[in-house]
Amino acid sequence: MKDEQPEIGDLKDFLIKAGQGVKGLSEMEITDLPKQYIQPQSERLCNMKTVEETSIPIIDVSNWDDPNVIKSVCGAAQKWGFFHIINHGVPLEVLESVKKATIMFFALKPEEKRKYFKENSSSNHVRLSTSFVPEAENALEWKDYLSLFYVDDDEALAIWPAICRDQLLDYMKNCQVLIKSLLQVLMTGLNIHEINEKNWSLLAGSKRINLNFYPICPKPELTVGVGRHSDVSTFTILLQDDIGGLYVRAPDEEGWAHVPPIPGALVINIGDALQIMSNGKYKSIEHRVIANGSKDRISIPLFVNPKPSEVIGPLEEVLEESDEKAKYKKVLYSDYTLYFYRKAHDGKATLEFAKI
Ligand SMILES: O=C(O)CCC(=O)C(=O)O
Ligand SMILES: [Fe+2]
């Protein structure tokens, strides 16, 4: 440990202009947390009530047609909004390779990473950021992330960072059967038995993949890795390493359950778009990541989203079947995501944008 606190000058220049990110800050082995990262008491780990005895379901999806699998998946999407899947068909080597590629990307020199920071990036489809949206946050989050919007393989090969693009594309290709099967099962639970081109675009017409890097943090108890939020996706496929630190709000809303890393498993979580389209039957659940004082952590969420130009709202079939009134209005999906990316993480507040 160094004796003196290094001069970090203007924090934003160091993080973004110099391309250091919070990883660069962590590598300076500072002993104090810069004040910009100090979160309010209410968001800190010490004020998080955890539930020890229960966690998200683990579902074996080796046979998607099995009525028990359909029941477990739809039940978990209603109750927890989060579940593990095992025997999902994505080979272990592919998972390992995408995790390695993530580490390799963040190991690039700051001079090389600089060009991907959203302030410098030549395309809006490739955005490296630190924290979540620093310009809108009162307190920063201890995380760097690369966010890649997928249009097609040709574009990705042309503009995604060369050090990780092949592994990411291979992973996404390997997830395609899983995405289709999961969507089919979730729709069965909503009484929709056919996924045609039209509802595919509405439910899964675009994809975004993020590479999250949470470096070792001095005083992790004072800050967060990611603040409380729900995803804006239809659903998210999350690959995490073996460190742990992700917590989800338990169904009774009184505590937070840890999502323990399970080798080879993937975590699925329902996002706001599907909560809206299912008129609240499936739940997008708040989650958060704590900062870690002794180990770097990575995670890779693949967000399966509606196409940005789609208008989302409660599906007709859902309203007809349940005889319920719509709880959400129709909104342009790109407006919904723009709203999410303009503010700091704030629990489930994004949904207010679509509430009637
Ligand atoms: O790192 C994790 O486990 C979760 C990250 C997350 O919630 C997100 O990127 O939306
Ligand atoms: Fe998330």
Give me the distance in nm between label points sitting 7 Å out from Cα along the Cα-to-Cβ direction at residue 326 and residue 10, one decimal. 4.7 nm
May I ask you to derive the FRET efficiency for residue 78 and residue 47 from their Cβ-Cβ distance with R0 = 30 Å, giving the value to the nearest 0.05? 0.60
With the stretch 245-356 reduced to its Cα atoms and the Debye formula applied, log10 I(q)/I(0) at q = 0.22 1/Å amounts to -1.33
Mean ellipticity per residue at 222 nm, deg cm²/dmol - from DSSP H runs of n ≥ 4 across the chain, formula -39500 (n - 2.57): -8000 deg cm²/dmol
Which of the GluC sites (Glu not before Pro) found in the stretch 19-76 are loop residues per DSSP with 12 or fewer other Cβ atoms within 10 Å of their Cβ? 29, 52, 53
Using a 10 Å cut-off around each Cβ, can you sort 114, 288 from fewest to most neighbouring Cβ atoms? 114, 288
Read phi for every residue in the stretch 124-129 and hand back ³J(HN,Hα) as whole Hz from Karplus 6.51 cos²θ - 1.76 cosθ + 1.60, θ = phi - 60°, with x for Gly and Pro. 5, 7, 10, 9, 9, 9
Can you sort 108, 338 so the residue with the fewest Cβ neighbours within 10 Å comes first? 338, 108
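FRET efficiency for residue 35 and residue 193, Cβ-Cβ distance as r, R0 = 35 Å, nearest 0.05? Working shown, then result.
Details: r = 55 Å, r/R0 = 1.58.
E between residue 35 and residue 193, to the nearest 0.05, is 0.05.
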Name the GluC sites (Glu not before Pro) in the stretch 125-224 that are in a loop by DSSP and that have at most 11 other C-beta atoms within 10 Å, would you? 194
When the Kirkwood radius is taken over all Cα pairs of the stretch 165-287, what Stokes-Einstein diffusion coefficient follows at 4 °C and 1.567 mPa s, in µm²/s? 79 µm²/s
Sorting 350, 234, 102 on the 10 Å Cβ count, fewest up front, what's the list? 350, 102, 234
Between residue 173 and residue 65, what is the label-point separation in nm under the 7 Å Cα-to-beta-carbon projection? 2.7 nm
So for the chain, taking the charge dipole from beta-carbon charges (+1 Lys/Arg, -1 Asp/Glu), which of 303, 26, 251 sits furthest toward the positive end? 26
Could you tell me the calculated FRET efficiency between residue 242 and residue 154, based on Cβ-Cβ distance and R0 = 30 angstrom, to the nearest 0.05? 0.30
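For the stretch 8-352, state the average projected area of the convex hull of the C-alpha atoms over all orientations, rounded to one decimal in nm².
Result: 16.5 nm².
All of the numbers you see were taken from the coordinates with simple rules; none came from a lab. Quantities reported herein were computed from a predicted structural model and do not represent experimental measurements. Positions of Cβ are backbone-derived with ideal geometry, glycine not excepted, and every protein chain shown enters the neighbour counts.
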